Each structure stands twice: as structure tokens, then as C-alpha cells.
Amino acid sequence: MLFRFRSTIVFFAALMLAGCGQEAPPQDSFAPSVGTTKANVSTRLVIEAKFDEATQFSEGLAAVRIGGKYGYIDKSGQTVIAPQFDFANPFSDGVAAAGAGNKIGYIDKQGNFVIEPKLDIVDLFSFSEGLAAVRIGEFVEGKWGFIDKRGTLVIQPQFDTAGSFRNGMAVVANDRKFGYIDKQGKVVIPLQFGSASSFSEGLASVRVGDYISGKDGYIDAQGKIVIPPQFDGAFPFNDGLADVRVGDKYGFIDKQGKLVIPAEFDFADSFSGGLAAVRVGDEETGKYGYIDTQGKMVVEPQFAFADLFSIADGMAAVRIGTGTNAKYGYIAR
């Protein structure tokens, strides 16, 4: 499978970082426009919608699926690593997690496996700050630890789940309680939360209380709650704003916890480069567009799915059509 992460939030129910994707009208109902919005975003496809799945660009490449295999394209849409993998992650720190048959590890930008840990790894995440979380052993009883760029296990497998390092800390969980460790594996913020996300812009969302009845707020790097738990869902800060869920609607708060973009969307993703994907309508028939940091719709809802814009590469994956007609392509800023 292709690992697609929703804002790096970690929930114990999934024991992994969550992803999302929605359905919408058939491909032939889409008519790309040729204009640009005031945010200078073109809704014309700059890479043809021909992929069965596509991800955000990272370090100049994007993982795409054609049929049952994954490969990578460059910013011109040309295949640079042929589809050959059973799963493929975005590039980070110059390598990408990938698997082909019994091979699982990290590839370079030529598609060669350069890190093949000699461990019983059954799941693995991208590198961040020089370390990557890996799960050793089968799903129910396996534990998560961390490897370095040599494939050496530097933090022993001991956690029920784990996330990426940010700001020198990584979110981990045991017995459905989440906290944070440093790069030596030492717990620096106690495992006490119902769920938690990776740090972003100095803050991390956490759930106080259980998964069902608890509320989400934000802590700082010392573990102090700086935005009180009050949201039904809370996600990482980007561009100074964080998407939150209030009831069944999404909006955005600032770092004081003030709702600066009303909770009026049926779904919202994080900001990236001043734009955030939002959905108007339900999962089956709703459409995705983009808003700016003032909450103004600058790309009208028209896509079956819309991903984050890559800040470095200036493109975002979008999906057109449903079922067997569904295909992914890219739009540009």
C-alpha cells in the first residue's frame, strides 16, 4: 500500500499516522479551466490525470501508482523510477521507504535500495531528523523503534506506535497513552495523552481524556498545555494556523487558540504555502477546492480529492472521477 499521512496525527485506534481520500463525479464531468485565481493558482492540470494514485511532491519527486505498482515521477510528469514497488513513501533526507516483494527498506533517487535493515521489519516510516520509525515483529505483538541512516537500530523496539521526529522529539505510545521521547529514546514528555501528533511550529496537538469523550488542545515543547482542550479534532500548525474540528465541521485557529477561519467546511487539510485544501459536501459527492489564510476560496471546489501543495515544487495532486474512472494528476500555483 502507499502510505499517505493526514497531518501526522496519531490515534491509538489506527496505531499509525492516518490518511484520507474521497470520491466524486465521473472524470468526463471535469472541464479544466485556463484562468488563475487571485492567489495565482491555476486549475489547469500541469501533469495529466493518468495515475491510479499520486502523492505530494517531495525533494523533486512524487510517488505514483500505475496499476498495482508504484514508481516516481519528476516535476515534468516524466517517470524517473519505473513502477516496481508494492508501496512507496515520499522522499525525505534523500531516501524513501519502499518495498518490492520480500525487499523492504529505503531507496535512493535512482530507485536502488541503499538501506536494507537486517531486521524483522514489517512497517516503516520516512526519515526525519536522521531517524526513522520502524516496527519489528508482526502487527499485534510487534513493537516500534528507530533506525539511523545506516539501518542500525538506535532506539530499541519498545513502543506500541511511534511517529516522526520533529523539534528533536518523537511521539510514541504504550497502552493507549501517548507522550514524547528524545533521540536517545528517553521519555521527555510523559505518556499521558489519549492521542498526540508530531510537533510543528513549536506546538503539538494532544487529546486530554479518552479517544471517545476527550477533547484536543495543544502543548509546547515542555509539555505545558498552551491551548486548552476544546476541539473534537486538532491537527498540526502550518503557516501559523491549524485546522481543527468542531462537531462535524472544520475551521482554523491561530496560536492563541482563536478560531480565525470559521468551522464551516466538511473537511479541511493543513495549510501549505498559504493554501489549504477544503471539502464542501460529503465524502461521496463533495468537491475539494483551496482557501487562503484569510479563509477566502481561491480555487472553487471541483476536485474529487485535493492534496497539500508542495512548498518547494509548487504543485498539488488532485483526483478526478470516481471508481474505475478515477485518476490523479497535478495542478500548479
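The values are calculated or read from the model by the stated rules, or taken from the named source; none is laboratory data. Quantities reported herein were computed from a predicted structural model and do not represent experimental measurements. Here the Cβ is made from the backbone with ideal geometry for all residues, glycine too, and neighbour counts use every protein chain on show.
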First in segment 80-92 and within 22 Å of D148 (Cβ to Cβ), second anywhere and basic (K, R) and assigned to a loop (DSSP other than H, G, I, E, B), Cβ under 8 Å, 6 or more apart: F91/K109
Here are some conditions: (1) of a type in the set (S, T, N, Q); (2) out of contact with any Phe, Trp or Tyr (no Cβ under 6 Å at 6 or more places or on another chain); (3) surrounded by fewer than 19 Cβ atoms within 10 Å (Cβ to Cβ). N167 meets all but one. Which one does it not meet? (2)
Give the number of residues within segment 108-160 that are at pLDDT 95 or above, loosely packed, with under 15 Cβ neighbours inside 10 Å and acidic (D, E). 1
Qualifying residue in segment 147-161 (condition: hydrophobic (A, V, I, L, M, F, W, C) and within 20 Å of the chain's Cα centre (by Cα)): no
When segment 93-105 is checked residue by residue, the ones that are in contact (Cβ under 8 Å) with a residue 24 or more places away in the chain and either farther than 17 Å from A133 by Cβ or touching a helix residue (DSSP H, G or I) at 6+ places or on another chain (Cβ under 9 Å) (or both) are G94
Residue satisfying all of: in segment 246-288; modelled with pLDDT of 95 or more and among the hydroxyl-bearing types (S, T, Y); surrounded by the most Cβ atoms within 10 Å (Cβ to Cβ) among these: Y288
Checklist (1) assigned to a strand (DSSP E or B); (2) of a type in the set (S, T, Y); (3) out of contact with any Lys or Arg (no Cβ under 8 Å at 6 or more places or on another chain) applied to Y328, failing item: (3)
Residue selected from segment 180-195 under the condition small (G, A, S) and crowded, with 20+ Cβ neighbours inside 10 Å, by the criterion nearest to L153 (Cα to Cα): S195
Modelled with pLDDT of 95 or more and over 15 Å from the mean Cα position of the chain (by Cα), is that true of D28? no
